[in-house]
Amino acid sequence: MSVEQLAEMLGVTLQTVRRDVQRLAEAGLLARFHGGVRVPSSTIENIAHQQRESLHADGKARIARAVAAQVPNDCSLILNIGTTTEAIARALLRHRGLRVITNHLNVAAILSANPDCEVIVAGGLVRTRDRGIVGEAAVDFIRQFKVDIALIGVSSIESDGSLRDYDLREVKVAQAIIEQAREVWLAADVSKFNRPALVRLATLEQIDRLFTDAEPPPPFPALLAEAQVRCEIAA
């Protein structure tokens, strides 16, 4: 949008818009171009981890609480890389008897604070930008297990029903996680719908339950019904 459009829509001065746009751009939440701004989006590179932590934080927290309320004690889980799975890990800190496998050091660090949770960390290459573990070693490690529930996050849910992400190495691990789970639960805030990303990870038909924070836009309700995915909206 142009700066002028924003000022008119919000009923404020151009000076106010420019000041706020500057702050948002410095935080990495907007990208500036001559005369306007856009949401930083790319099909080949995700938003930085620190910036993603602040985006839709309330929605992710609500999703995490909804997921945790459905996870039984004394079960086995796999959690993949993502700020939403980090939020889920925090929401699981009071659970008992969990055995959790993860390829995300942040998730492992969070859940290691729960004395009633056994945490198993996949081996492989650690990405410095988000402390995710990727690569063939991680894939081989995950394939040794069969768990009750896989709790996964993705970067994109496209209108053809495909789930997508940015890093092929991360996607390969996530695909192994899906294969090694008796049920697959997807946690994704509403911003993930119709967002573009490069690498195909899975389809909605491979998901059992979707946890999100608002009603999905068209055509996703029909796609979810066709794929027989149980959609739960975190109030």
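Residue pairs whose Cβ atoms lie under 7 Å apart, sitting 6 or more positions apart in sequence or on different chains, and linking a residue in region 154-172 that is of a type in the set (S, T, N, Q) to a partner that is part of a helix (DSSP H, G or I), are S155/K192; S156/K192. There is at least one residue in region 109-126 that is of a type in the set (D, E), assigned to a strand (DSSP E or B) and surrounded by fewer than 23 Cβ atoms within 10 Å (Cβ to Cβ). Scan region 166-195 for residues that are aromatic (F, W, Y) and either out of contact with any strand residue (DSSP E or B) (no Cβ under 7 Å at 6 or more places or on another chain) or closer than 19 Å to F145 by Cβ (or both) and the total you get is 1. Residues of region 102-139 that are under 22 Å from A68 (Cβ atoms), small (G, A, S) and over 20 Å from the mean Cα position of the chain (by Cα): S112, A113. Considering region 207-226, the residues that are surrounded by fewer than 17 Cβ atoms within 10 Å (Cβ to Cβ) and in contact with a strand residue (DSSP E or B) (Cβ under 9 Å, 6 or more places away or on another chain) include one that is nearest to A87 (Cα to Cα), namely A214.
For every residue, the table says whether it meets (1) at pLDDT below 75; (2) surrounded by 12 or more Cβ atoms within 10 Å (Cβ to Cβ).
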site	(1), (2)
Q5	no, yes
T13	no, no
V21	no, yes
E26	no, no
E53	yes, yes
G59	no, yes
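With respect to the conditions (1) in contact with a Leu (Cβ under 9 Å, 6 or more places away or on another chain); (2) in contact (Cβ under 8 Å) with a residue 40 or more places away in the chain; (3) over 15 Å from I81 (Cα atoms), G132 lacks only one, and its number is (3).
Across region 65-87, the qualifying residues are those that are in contact with a Gly (Cβ under 6 Å, 6 or more places away or on another chain) and surrounded by 19 or more Cβ atoms within 10 Å (Cβ to Cβ), and the one among them that is farthest from A235 (Cα to Cα) is I81. All of (1) in contact with a His (Cβ under 7 Å, 6 or more places away or on another chain); (2) surrounded by fewer than 18 Cβ atoms within 10 Å (Cβ to Cβ); (3) modelled with pLDDT of 95 or more hold for G132 with one exception: (2).
Looking at region 70-101, which of its residues are more than 19 Å from the chain's Cα centre (by Cα), basic (K, R) and not in a loop (DSSP other than H, G, I, E, B)? If the condition is that a residue be more than 19 Å from the chain's Cα centre (by Cα), basic (K, R) and not in a loop (DSSP other than H, G, I, E, B), then R99 is the only one that fits. All told, V121 falls short of being in contact with an Asp or Glu (Cβ under 8 Å, 6 or more places away or on another chain) and among the hydrophobic types (A, V, I, L, M, F, W, C).
The values are calculated or read from the model by the stated rules, or taken from the named source; none is laboratory data. What you are looking at is a predicted structure, and each value in this text was computed from that prediction instead of being measured. Methodologically, a virtual Cβ is constructed for each residue, glycine included, from the backbone with ideal geometry; neighbour enumeration extends over all protein chains shown.
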